[in-house]
1. Which condition from (1) modelled with pLDDT of 95 or more; (2) surrounded by fewer than 20 Cβ atoms within 10 Å (Cβ to Cβ) is the one that V241 breaks?
2. Could you tell me whether any residue of region 317-340 is of a type in the set (G, A, S) and over 23 Å from T281 (Cβ atoms)?
3. Please find, within region 260-291, the residue that is farthest from ligand 1 (Cβ to nearest atom) out of those that are open to solvent by 30 Å² or more (accessible area, probe 1.4 Å) and within 19 Å of L133 (Cα to Cα).
4. Just to be sure I understand the filter: pairs with C-beta atoms under 7 Å, separated by 6 or more residues or on different chains, first member in region 233-250 and within 16 Å of ligand 3 (Cβ to nearest atom), second member of a type outside the set (A, V, I, L, M) and modelled with pLDDT of 90 or more. Which pairs pass?
5. Scan region 101-117 for residues that are under 29 Å from V10 (Cα atoms) and either within 16 Å of ligand 1 (Cβ to nearest atom) or open to solvent by 10 Å² or more (accessible area, probe 1.4 Å) (or both) and jot them down.
6. Which of the residues belonging to region 83-119 are without any contact (Cβ under 8 Å) to a residue 12 or more places away in the chain and within 14 Å of ligand 3 (Cβ to nearest atom)?
7. For residues in region 62-82 being within 15 Å of R188 (Cα to Cα) and touching a residue at least 40 places away in the same chain (Cβ under 8 Å), which is farthest from ligand 2 (Cβ to nearest atom)?
Amino acid sequence: MTPKTRDSVVFSLNGQITHVTGDDSFMTLAEWLRKRALLTGTKIVCAEGDCGACTVVRAFEPRGSKKKPIFEAMNSCITSVLQMDGSHLVTVEGLKVDEELAPAQSAMRICHGSQCGFCTPGFVMAITGALELLPKLDRKTAANYMTGNLCRCTGYSPILDAAESVVSSPKHNLGSRYLTPATIKKLRELTNSTLEIHGSSGPEGHHGKVFYAPQKLADACKASAKHKNSRLIAAATDVGVQANKGKALAPYTISLQNIPELYTITSSSTSVMVGARVNLTQLRTAMTKPMPEFARFLDIFASPQIKNVATLIGNLANASPIGDTLPFLLATDAVVHTARHAQGKFSRRKIKIEDFFVAYKKLALKAGEIITAVEIPTGKYAHNLRLYKVSQRKDLDISAVSAALNIDVNKSGKISLASLAFGGVAATPVRLGKVEQYLLGKTPSTPVFDTASAMIDSLLQPLSDARGTDTYRRVLVTNIFQKYVHNTFGDRS
Ligand SMILES: Cc1cc2nc3c(=O)[nH]c(=O)nc-3n(C[C@H](O)[C@H](O)[C@H](O)COP(=O)(O)OP(=O)(O)OC[C@H]3O[C@@H](n4cnc5c(N)ncnc54)[C@H](O)[C@@H]3O)c2cc1C
Ligand code: FES
Ligand code: FES
């Protein structure tokens, strides 16, 4: 019989079922691969998820899912071994078959895509991840799949040449080689219990001293209520970077990774419900039809390696005023669904997004409360919605200002819907209700929009920081608003 709680992380590594326990499981995956598994093909450069040198591919489907897992690229430097429980992992060492290089490796060699070679395994793994989904890559697609990889030597052209010349080969397909029914079944059996690992009393590990990953939401809520100084994690792309810098460590980590219900995403004609463990790649797919603008916007959110694991709920709960999805959630009147355990009882509630951001990094969550899902209304919000992100670099950069704007007119030509939300302009992301009220019922015209623009400027209190001065941010906000008006309504006088 399967034990109720186990103290070892179990995953498949290049086809071998692997058990890791104790302090080793608290290591970052990249460190563990290099120092314990002695698979040194995986490199560590930035340790912040920015350069892609540590890219591996991982396949994971939660218990109960009918889907076959798919291999996707991810960064191994900001994730812990603990988070790999139940996963199928392949590193660069697992690519070649019978001493024959995989297509991405051969192409890099032939196209001279490698000079010092330090970035090469990461690029190879990023291309390999893309080839698990697509038979061939055009240059643009290849470039998109490699936004999370940096190279200081080649100037990128030979790497893009390599990616463009690659054709997937059935012999090297990782899904067929490593995701055999037998391995999937075995791994599911071995991980069908709550994971609870205690680290030693040495220096704090990547996720504190205790890591707890229950299979039931109620158990996560109980633990969250009981351990006042615990830290909740979804994919830990925010938390992992902090942990690598020795910051924000909590002695007790509760991970939602083994709770199947949090992986669901459901759509109706009026909304999309996004579970707390749905990643941004899955979200992009689900939003392509009901909200194509949001799907497009997710293309400039982080890298594929980050989006293949990071969650919408993590972005929301991180509560950064420059979290990219927050203006969108504000502008569409999203609803936050939560659960908690208090006074011996499990309960759920819904919180309107407009009531959710209380102060800088402070949310309307009670002690121990866990976000279970976010409900995004679609329908009426999809029509004129436009999303903006201004950052110093187009790819993989933090926003100076972000915005979600949506103004619609009725059949009589009057403004019938106005949603204006901005990030990076105050201590929390903000929705500008006063300006919206001013616009409602008016006929779109240059004077009306100029007045609205002046109101927006007067209501915002941007800060100056490394990403821009308050003056720069004010100019950005006004320009974004005017650009939106111009693109949506044309020139009006
Ligand atoms: C290289 C890199 C690029 C990035 N690019 C972007 C970008 O372009 N735009 C952007 O906005 N962000 C970006 N981020 C930040 C980060 O990836 C996102 O905020 C992501 O959505 C966080 O999701 P996560 O699942 O990893 O959250 P986690 O790190 O697991 O958690 C984040 C916070 O939410 C809390 N939390 C998680 N789940 C819950 C829950 N269910 N209930 C209550 N609290 C919870 C955690 O305790 C933590 O405080 C980037 C990060 C990296 C490393
Ligand atoms: S080492 Fe740079 S992304 Fe991991
Ligand atoms: S080949 Fe040297 S960093 Fe890319």
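1. Exception for V241: condition (1).
2. Taking region 317-340 as the starting set, the residues that turn out to be of a type in the set (G, A, S) are 317, 319-320, 323, 331, 334, 339.
Narrowing the set further to residues that are over 23 Å from T281 (Cβ atoms) leaves 339.
There is at least one residue in region 317-340 that is of a type in the set (G, A, S) and over 23 Å from T281 (Cβ atoms).
3. Selected residue: T288.
4. Here the result reads none, with nothing in region 233-250 linked to a residue that is of a type outside the set (A, V, I, L, M) and modelled with pLDDT of 90 or more.
5. Hits for region 101-117 are L101, Q105.
6. R109, G117
7. G64
For every residue, the table says whether it meets (1) closer than 30 Å to K380 by Cβ; (2) at pLDDT 95 or above.
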{"site": "L187", "(1), (2)": "no, yes"}
{"site": "K209", "(1), (2)": "no, no"}
{"site": "Y252", "(1), (2)": "no, no"}
{"site": "R277", "(1), (2)": "yes, yes"}
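The values are calculated or read from the model by the stated rules, or taken from the named source; none is laboratory data. Just so we're clear, the structure is a prediction, and the values are computed from it rather than from any experiment. Using ideal geometry, Cβ is built from the backbone for each residue, glycine included, and neighbour counts are taken over all protein chains shown. Areas reflect the complete protein model, heavy atoms only, side chains present, ligands, DNA and RNA absent. Shrake-Rupley method; radii C 1.70, N 1.55, O 1.52, S 1.80 Å.
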